[in-house]
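See structure below.
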Amino acid sequence: MKRRIPLIICFAIGILMIIQFMIPHPISREFGSTVNKWYIVLAAFALVLAIGNLIRHHGTKIRRKKTNWPYSIVTLTSMVAMSIIGFAGGVDPKSLYQTIYLNVLAPLGSTMFALLAYYMASAAYRSFRARSLEATLLLAAAFIVMIGFMPFGQYISPRLPAFAEWIMKVPNMASQRGIMFGVAFGSIATALKIILGIERSWLGGKK
Amino acid sequence: MNHDPWIWIGAFLTLMIFSFLYKDNPFYKFAEHLFVGVANGYYIVFYWQNALMPNLFEPLGAGNLVYLVPLLLGLMYFARFIPKIGWLVRIPIGFMIGWGAGISIPAYFQAFVLRQLQGTIITPQSFENTIDGVWAVVILIGVICTLVYFYFSKEHKGILKPVSRLGIMFIMIGFGASFGYTVMARVSLLIGRIQFLLGPWLGLID
Amino acid sequence: MAFLLLIFSIAPPTQVQAIDKPNDAGSAIIIEWGFSKDDEAIEKYVIFRSTLPDTMRVKIGSIIRGNNSFEDDNTDDKKQYIYIVAAVKDDATFYSMPSDIVQSSPQFFNTGRTNILVCILVFIILLVFFVQRARMGKKLFVRKIPGLDAVEEAVGRATEMGKPILYVPGLGDIDWTATIASMNILGEVAKKIARYDTPIIVANRWSVVYTVSKEVVREAFIEEGRPDRFKEDYVRYLTEAQFGFAAAVNGIMLREQPATNFFIGRFWAESLIMAETGAQTGAIQIAGSDSVLQLPFFVAACDYTLIGEELYAASAYLSHEPLLMGSLKAQDYGKLIVFVILILFTLLSFFNIDLLHLLEVQ
Amino acid sequence: MKWYEAISKIDRRIIYLLLTVFVILPFFVPFKIRQNIMPQTQRLFDFVESIPPDDKVVMISFDYTPQTMPECHPMAIALLKHCFARNIPVLGLSFDIQAPGLAVEAFTTVVNELNLKASNYDDSLFYGKDYVYLGWKSGFTAAVLDMGESIAGVFPRDYFKHPVDSLPLMQKTKNYKDVAIAIVLSASAYPEYWVLYPQSRYGVKVGAGLTAVMAPKYYPFLQTGQFSGMMSGMKGAAEYEHLIVEKGYTKKLGRAETGMNSQSIVHLLIITIIILGNIGFFFSRRDQKQS
């Protein structure tokens, strides 16, 4: 029972969602949107557990005075403070909650994102070596595209921008499509295995 | 220089994250832990306002008893804390996994199989412009070779060997091109941060 | 006078037909008409509707000239309607004859999606067939996948060094199949870890994925007979914020110094931020993703990368379980069908047999 | 360590430092690289060039977010400068909740800059007469369709809470008939839906300004003429800036052009270090083979 009931629920909801895609009738739409709402509710409940895990992790660090424990205080207090600000002060566009979003979360996020520029440079430097034919092709394609799409590309050869675009539109497109077909069958098979109960590692293997 | 304290906060946080490029240090540690804390606080409020209120408490308050089902399912997550009924946690998980698997199957067939087939199949119209037709043939060959590379249940010997090799070459060219193109798209993010530091904060550029 | 002449020379639209929109949830009617002979001269067509038994005409919308259909997506399935289309130029309006009486209704099957249904049924049959065959003991061959052969080595190395293993199951929620596939791989990795008693850190972005991955790891320890070794702190929730998550993972890599990093699942722009930091710490890195745009970065920064479908082959490959192997065979047949369709449809189209519409999904 | 070992093992921090310097440099040492103008940018520019002054409005949908600001914001600024220089009124609106702040900033920046230079009343720009910002609206599809009948019906009040009917510009701008082109600046699928709904139903001309990551997806829309032009990424913005400078509408180099200079030399830097790495790799391998 401990396995069968979850498996039946998983099977039923999976099949229902597939059928739901085929039926345009309002009953089916209603069902689809209700289940989507339930999903959101379940995610919110799971967030309680997740935040509980975060509090426990940092709480333990502080109590046992593990390395870097003072930073855990930063996480916990800022989380509590932000929640209080949101619940007490509201979430209007002019509220403190939104101001903090714009002036703390947004710059932190954009700066982490901007680190990518540096990492792309160091990753390319370290790994773009013409070790084999395949690696050389990768290197050459990256080069041509990088030069071709820049204003100075045309100075090297007036044909270069068009060549760079060709690489994007022909070989790049072909490989992406080929990968996508494989991905499609891989994920459909995975999803079916889950629904049909063939793959059940989430229940702890085959027993 | 700007007198808005929020700009200063934004600027310091930006510098703290950048300091990580040199090495891990107390400033980065602070910014990272603050990021995690504030973001989680943000989402706690967000879920309460946008998930639980409209999708659970309001309908329940209005007497819609169907919503007892997600409430019950949600509570089952906490069964983990009572060892005897701990297995109940698998019920909401089964629900979520089944839901995710179910919606993805038709979606993948539609967007990843049928639509890509439509785009790859060559028709006489592809040859209206001869050179475009030639490239369409190259794309078709590329797609087939890539497919062969992913063929698992046969050893890549005989005819499969050169074809799958060609497939991996297409893949590598594609990877290189995407990498190069993305460099262009991403450097602009860094430029954006630098503009923020030099402009609104330091006032060195307008 | 010339002005008047121009106005009176305009012909109204002809043959107005209104039909219930097919394959929908009701509440919509499609109106089609023949062009006004003076389509070139007019400005637009205005669509009027009257609801029976009342005959009052109400304007419901307009569309520029050159179009001969309109969708009224605001009808009541219980009511009957009549439509009139008018050609409009300046302030003058020229009405067509009314359409027949029409009523909208919802349908129980979307015929525009029959092709998807066929695909799903064919694939289920393939899958069940090969799984059954595997169940009966037929051996299946799988080609080598270097990234997966490296898993054992990577776990072993962490054990030797006495350092933890970091596992990031992607940044996608559970509705991405890549995340589900990642959970299956996590199960296999966790079993090896339970045997060796190496600590693992599973870093999660979504609350739901967190609950699932915790179950998966716990179950793996139980299955290996070492439930005592499972620690609550092994599976962690960080934050839903995409780059906040990346920042925190960077922190884990630098401070807890894992010997091996797994990045397996769905990734977005943060992929390289994590993979490059990991490369700098000197960890062995194994990545696997179906995110076409992020794969180049993993290839550049990681030691092994599972490309696209290889990710989905992983749980079968690692577990050697015949049932799962059977599904690999089904996947291969799926690709074979794609190959056949590509060639067949292309060839037929040159014999004027156009089958492309069979692939159209509504 | 031999020289070729050294160049294949440059410390990453040196690379980071160089990269930072290269990004900052063009802000203080402006230089000009002749832009090769992509045809889609030229088409958008030509379209705006062909709109008669003081007649129909250019509608700009500000749908970008702070993260995509470096790419899309310069597009907005360049478009506004172009329209105002040609006396074309501008109507702004947004469907992304994060956009209004950025839109207002774009308007304020350009209007202040131009009004500082204005010598008389006629040269000056006024809110309500020369430009209006309607603000943010949820429910994208319904809103863009309803504007075909009445813009004021969808936005009864503008962003600053003025009744829309009270603004002179809005009195002559009733619906899409009074819109010369709707230009959508976005990092997501909005431009596609502008083609799908308002264009197919009301014949609105649609232009787009997209991030570099998104742009390749939209080439087919240009081929079919569904887009009357497109700017792609910071490069597209720089090209547009270049075009308005060339026409003499403004003198100053724009943000995107400076940004493109940074990008160009960063690309050169990356290409150079990859070459250095490979030279080092080549020689070390030769050594290994010999020994």
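Going by Cα centres, the stretch C:15-78 and the stretch D:213-291 are how many Å apart?
49 Å
Quick one: work out Rg over Rh on the C-alpha atoms of the stretch D:10-162, Rh as Kirkwood radius.
Result: Rg/Rh = 1.05.
Excluding A:Y125 itself, calculate the net charge of residues whose Cβ lies under 13 Å from the Cβ of A:Y125, where each Lys or Arg counts +1 and each Asp or Glu counts -1.
Taking every other residue near A:Y125 into account, the sum is +3.
For the pair C:L336 and B:Q125, what calculated FRET efficiency results from E = 1/(1 + (r/R0)^6), where r is the Cβ-Cβ distance and R0 = 22 Å, to the nearest 0.05?
Computed FRET efficiency for B:Q125 and C:L336 comes out at 0.25.
Rounded, prolate or oblate for chain B? Axes are the square roots of the Cα gyration tensor eigenvalues, ordered a ≥ b ≥ c, and the cut-off for rounded is a/c under 1.5.
Cα axes put chain B in the oblate bin.
Run the reach check for C:K335 against lysines, Cα to Cα strictly under 16 Å, same-chain hits fewer than 8 apart removed. What comes back?
Leaving aside lysines fewer than 8 places away in the same chain, those within reach of C:K335 are B:K154.
Taking N as the number of residues in the stretch B:130-206, what value does Rg over Cα atoms divided by 2.2 N^0.38 Å take? Provide the component values of the computation, followed by the final result.
Values: Rg = 21.7 Å, N = 77, 2.2 N^0.38 = 11.5 Å.
Scaled against compact globular proteins, the figure is 1.89.
Note the count of lysine pairs whose C-alpha atoms are less than 25 angstrom apart in chain A, limited to pairs 8 or more residues apart or on different chains.
Values: A:K2/A:K193; A:K2/A:K206; A:K2/A:K207; A:K193/A:K206; A:K193/A:K207.
Lysine pair count for chain A: 5.
Which of C:K44/D:K217; C:K163/C:K191; B:K157/D:K217; C:K163/C:K231 have a Cα-Cα distance over 26 Å?
Working: C:K44/D:K217 32 Å; C:K163/C:K191 17 Å; B:K157/D:K217 37 Å; C:K163/C:K231 15 Å.
Beyond 26 Å: C:K44/D:K217; B:K157/D:K217.
Rounded to whole Å and ordered largest first, report the semi-axes of the equivalent ellipsoid of the stretch C:2-95 derived from its Cα gyration tensor (root of 5λ). Could you put the intermediate results ahead of the total?
Values: eigenvalues 142, 38, 18 Å².
Over the Cα atoms of the stretch C:2-95, the semi-axes work out to 27, 14, 9 Å.
Jot down the per residue volume, in cubic angstrom and as a whole number, of the convex hull over the alpha-carbon atoms of the stretch B:1-63.
Hull volume normalised by residue count: 104 Å³.
Set Lys and Arg Cβ to +1 and Asp and Glu Cβ to -1, take the dipole of the protein assembly as shown about its Cα centre, and tell me which of D:A208, C:V208, B:I103 lies farthest positive.
C:V208
Could you put D:H242, C:H320 in order, starting from the residue whose Cβ has the fewest other Cβ atoms within 10 Å?
So the ranking, lowest neighbour count to highest, is C:H320, D:H242.
Starting from the Kirkwood Rh over alpha-carbon pairs, what translational D in µm² s⁻¹ does the stretch A:40-104 have by Stokes-Einstein at 25 °C and 0.890 mPa s? All intermediate terms of the calculation are to be shown ahead of the outcome.
Values: Rh = 13.4 Å.
Answer, rounded: 183 µm²/s.
Taking 7 Å along the Cα-to-C-beta vector as the label spot, tell me the D:Y249-B:F27 distance in nanometres, rounded to one decimal.
Inter-label distance under the simple model: 4.1 nm.
Per q in 0.08, 0.09, 0.16, 0.17 1/Å, what log10 I(q)/I(0) does a Debye calculation on the alpha-carbon atoms of chain D return?
The calculated log intensity ratios at q = 0.08, 0.09, 0.16, 0.17 Å⁻¹ are -0.41, -0.49, -1.23, -1.37.
Over all pairs of distinct alpha carbons, what does the Kirkwood formula give as the hydrodynamic radius of the stretch C:69-149, in Å?
Details: mean 1/r = 0.0515 Å⁻¹.
After inverting the pairwise mean of 1/r, the radius is 19.4 Å.
Could you give the dipole magnitude of the protein assembly as shown about its Cα centre, charging the beta-carbon of Lys and Arg +1 and that of Asp and Glu -1, in debye to the nearest 20?
Using only the charged Cβ atoms, the result is roughly 3900 debye.
Strictly over 20 Å apart at the Cα level, which of C:K37/D:K205; D:K81/D:K252; D:K117/D:K247; D:K81/D:K129 would you flag in this model? Kindly include the intermediate steps, with their values, before the conclusion.
Values: C:K37/D:K205 25 Å; D:K81/D:K252 11 Å; D:K117/D:K247 18 Å; D:K81/D:K129 16 Å.
Correct reply: C:K37/D:K205.
Give the residue from D:L134, D:I265, D:V154 lying farthest towards the positive end of the charge dipole for chain D; charges sit on Cβ (+1 for Lys and Arg, -1 for Asp and Glu) and the dipole is referred to the Cα centre.
D:I265
By how many nm would the segment from B:V134 to B:L60 lengthen if fully extended, with 0.36 nm per residue of separation less the alpha-carbon distance?
That pair, B:V134 and B:L60, stretches by 20.5 nm at full extension.
Given N residues in the stretch C:140-320, what is its alpha carbon radius of gyration divided by 2.2 N^0.38 Å?
Normalised by 2.2 N^0.38 Å, the Cα Rg of the stretch C:140-320 equals 0.92.
Expressed as an acute angle from 0 to 90° and rounded to the nearest 10, what is the orientation of the C-alpha long axis of helix D:69-85 relative to the principal long axis of chain D?
Approximately 50 degrees, to the nearest ten.
Relative contact order of the stretch A:30-164, please, whole-number percent, based on alpha carbon pairs below 8 angstrom and at least 6 residues apart. If you can, show how the numbers build up before the last one.
On the way: 55 pairs, mean separation 10.9, N = 135.
Rounded, it is 8 percent for the stretch A:30-164.
Which of B:Y149, B:V137, B:S178 sits farthest toward the positive end of the charge dipole of the stretch B:130-206, with +1 on the Cβ of Lys and Arg and -1 on the Cβ of Asp and Glu?
Value computed over the given set: B:Y149.
At 0.36 nm per residue, minus the direct Cα-Cα distance, what do D:I279 and D:T141 gain on full extension? Give it in nm, one decimal, please. If you can, show how the numbers build up before the last one.
On the way: separation 138, 0.36 × 138 = 49.68 nm, distance 5.55 nm.
The span from D:I279 to D:T141 would gain 44.1 nm if fully extended.
Can you tell me the relative contact order of the stretch D:173-232? Whole percent, Cα pairs under 8 Å, sequence separation 6 or more.
Relative CO of the stretch D:173-232 lands at 34 percent.
Taking the Cα centre of the stretch A:28-106 as the origin, how large is its charge dipole in debye, to the nearest 20, when only Lys and Arg (+1) and Asp and Glu (-1) carry charge on their Cβ atoms?
520 debye
Write down, largest first, the equivalent ellipsoid semi-axes of the protein assembly as shown in whole Å, where each equals the square root of 5 times an eigenvalue of the alpha-carbon gyration tensor.
46, 38, 32
Quick check: from the Cα gyration tensor, does the stretch A:53-150 come out rounded (a/c under 1.5), prolate or oblate?
Because a/c hits 1.5 or more and a/b fails to exceed b/c, the stretch A:53-150 counts as oblate.
Gap in Å between the Cα centre of the stretch A:72-147 and the Cα centre of the stretch C:170-249?
Distance between centres, Cα-based: 23 Å.
Less than 15 Å Cβ to Cβ from C:R236, Lys/Arg counted +1 and Asp/Glu -1: what total charge do the surrounding residues give?
Working: positive: A:R56, A:K61, A:K66, C:R205, C:K214, C:R218, C:K231, C:R255; negative: B:E32, C:E215, C:E232, C:D233, C:E240, C:E256.
Result for the local shell: +2.
How many percent of Cα pairs in chain A exceed 32 Å?
57 percent
At 0.890 mPa s and 25 °C, plugging the Kirkwood radius over alpha-carbon pairs of the stretch A:1-89 into Stokes-Einstein gives what diffusion coefficient in µm²/s?
Values: Rh = 16.9 Å.
In µm²/s, the coefficient is 146.
Give me the Kirkwood hydrodynamic radius of chain C in Å, from all C-alpha pairs, to one decimal place?
25.5 Å
Which helices of chain C meet both criteria: a Cα extent of 27 Å or more along the helical axis and a mean Kyte-Doolittle score no lower than 0.5, with helices taken as whole DSSP H segments?
C:114-135, C:322-349
Taking a quarter of the surface of the convex hull around the Cα atoms of the stretch D:132-291, what do you get in nm²?
That works out to 14.6 nm², a quarter of the Cα hull's surface.
Test of understanding: extend the Cα→C-beta vector of B:K84 to 7 Å, then name every residue of the stretch A:1-45 with backbone N under 19 Å from that spot.
A:1-3
What FRET efficiency do you get for B:L160 and C:D149 if R0 is 22 Å and r is their Cβ-Cβ distance, rounded to the nearest 0.05?
Efficiency, rounded to the nearest 0.05: 0.65.
Does anyone have the angle between helix D:233-246 and the longest principal axis of chain D? Alpha-carbon axes, 0 to 90°, nearest 10?
For helix D:233-246, the angle is close to 70 degrees.
Neighbouring Cβ atoms within 10 Å as the yardstick, rank C:S36, A:S127, A:S187, C:S50 fewest first.
Going from least to most buried by this count: C:S50, A:S127, C:S36, A:S187.
Which of B:L72, C:L306, A:L196 has the fewest other C-beta atoms within 10 Å, and how do the rest follow up to the most?
Working: B:L72 11, C:L306 29, A:L196 20.
Ranking B:L72, C:L306, A:L196 by Cβ neighbours within 10 Å, fewest first, gives B:L72, A:L196, C:L306.
Bear in mind these aren't lab numbers, they're just calculated from the coordinates by the rules spelled out. Remember, predicted model here, so these are calculated numbers, not experimental data. For neighbour counting, all protein chains shown are included, and Cβ atoms are generated from backbone atoms with ideal geometry for every residue, glycine included.
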